[in-house]
Amino acid sequence: MSKGAKGTVMTRLAADDIAALDPYRFMAVIGKRVIHPGGRASTESLLARAGITHGTRVLDVGCGVAATAVEIARRSGAQVTAVDISPLMLERAEDNVRAAGVADCVTVAHGDILGLDVGDGVFDVVIAEAVTMFVDRRRAAAELVRVAKPGGRVLATEFFWRSRPSEEAREIFLGQVCPGLEFDTVEDWVQIYEAAGLGAIETETGPFEMMTPRGFLADEGVARSMAIMGRVAIRPAHVRKMAWLMPRMARAVPYLGYIVVAAMKPL
Ligand SMILES: C[S@@+](CC[C@H](N)C(=O)[O-])C[C@H]1O[C@@H](n2cnc3c(N)ncnc32)[C@H](O)[C@@H]1O
């Protein structure tokens, strides 16, 4: 067991389980909060287009450890439903929400982007940061649109290749680091969200910086970055996982970027 953000007891994984984690759940285990390719910069870009105010009903799908849900609640006091498919993420999301003192605004629940347990047209704003690309992209996009109100906004962050990757970089990233992940170009993403029924699509792109030293510090701040490094250093299983992950990421990073897609469900 280990202590969460407010001293709550968190599940402690065995060394073999840590070795088998995907990079995103590993980031959550070591205490990283921002777990998507564009970091806080892409979240800012997304929120600037979301138009969230106190009365907005927000759904954050694939919320991870609820960093964005907490940020929305802090800024606007809006009601946010934050769902994820992973019990590990949900445990950490609940802990972060409690620690941030926003449990009156943020509800954390299990949810699958391919079949959300939500009626049609319920939410004013639907967000999915770095989720659609892990599953059937067209089905996931359609589900995000289904649960948005007519006139509501759907916003997503995705990976894309900023430049054509070398065969080696593509194999390392999609074959080893994130098996099953699927993404292509900006035009592909626009086409997928258009086909799902969205209009007024805007996009913004930028470099992948989540795992660069600059991006890490910008996302987590100095104190949390130090705490994360400390959590890595004290467990050999964490050190081994980092030693496996970082050189592979470094091969792919020059080719990777993020795209924010912001769009409206027609009235
Ligand atoms: C790259 S992380 C992004 C987490 C969070 N959105 C963020 O930006 O920090 C991807 C998240 O999607 C979740 N996920 C993967 N497949 C999912 C699915 N079918 N339904 C809901 N969430 C899913 C993972 O558990 C993980 O938390």
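Put simply, of GLY31, GLY7 the only residue that is at pLDDT 90 or above, part of a loop (DSSP other than H, G, I, E, B), within 22 Å of ALA223 (Cα to Cα) and more than 10 Å from the ligand (Cβ to nearest atom) is GLY31. Taking the stated definitions as given, is SER45 away from the ligand (no atom under 11 Å from the Cβ) and polar (S, T, N, Q)? It is true that SER45 is away from the ligand (no atom under 11 Å from the Cβ) and polar (S, T, N, Q). Residues in the range 160-181: is at least one modelled with pLDDT of 95 or more and open to solvent by 30 Å² or more (accessible area, probe 1.4 Å)? Among the residues of the range 160-181, not one is modelled with pLDDT of 95 or more and open to solvent by 30 Å² or more (accessible area, probe 1.4 Å), which makes the answer no. Test each condition in (1) open to solvent by less than 60 Å² (accessible area, probe 1.4 Å); (2) in a loop (DSSP other than H, G, I, E, B); (3) of a type outside the set (Phe, Trp, Tyr); (4) at pLDDT 95 or above for HIS54 and report the one that comes out false. Of everything listed in (1) open to solvent by less than 60 Å² (accessible area, probe 1.4 Å); (2) in a loop (DSSP other than H, G, I, E, B); (3) of a type outside the set (Phe, Trp, Tyr); (4) at pLDDT 95 or above, HIS54 misses just condition (1). Here PRO179 meets the list (1) free of Cβ contacts under 8 Å to residues at least 24 places away in the same chain; (2) part of a helix (DSSP H, G or I) almost entirely, failing just condition (2).
Of the residues VAL253, VAL239, which single one is modelled with pLDDT under 95, β-branched (Val, Ile, Thr) and either open to solvent by 30 Å² or more (accessible area, probe 1.4 Å) or over 30 Å from GLU194 (Cα atoms) (or both)?
VAL253
The residue of the range 67-114 that is most open to solvent (accessible area, probe 1.4 Å), among those that are assigned to a loop (DSSP other than H, G, I, E, B) and within 12 Å of the ligand (Cβ to nearest atom), is ILE85.
Among the candidates ALA196, ALA169, ALA140, the residue that is touching a helix residue (DSSP H, G or I) at 6+ places or on another chain (Cβ under 6 Å), without any contact (Cβ under 8 Å) to a residue 40 or more places away in the chain and not basic (Lys, Arg) is uniquely ALA140. Note on the range 115-130: among residues that are part of a strand (DSSP E or B) and of a type in the set (D, E, K, R), the one that is least open to solvent (accessible area, probe 1.4 Å) is GLU129. Looking at this structure, is MET133 open to solvent by 10 Å² or more (accessible area, probe 1.4 Å) and within 12 Å of the ligand (Cβ to nearest atom)? No; evaluated as a whole, the condition is false for this residue.
The values are calculated or read from the model by the stated rules, or taken from the named source; none is laboratory data. Small disclaimer: the values here were computed from a predicted structure and weren't measured. Ideal geometry is used to build each Cβ from the backbone, glycine not excepted, and the neighbour counts take in all protein chains shown. Remember, those area values only see protein heavy atoms, side chains included, never the ligands or the DNA or RNA. Shrake-Rupley method; radii C 1.70, N 1.55, O 1.52, S 1.80 Å.
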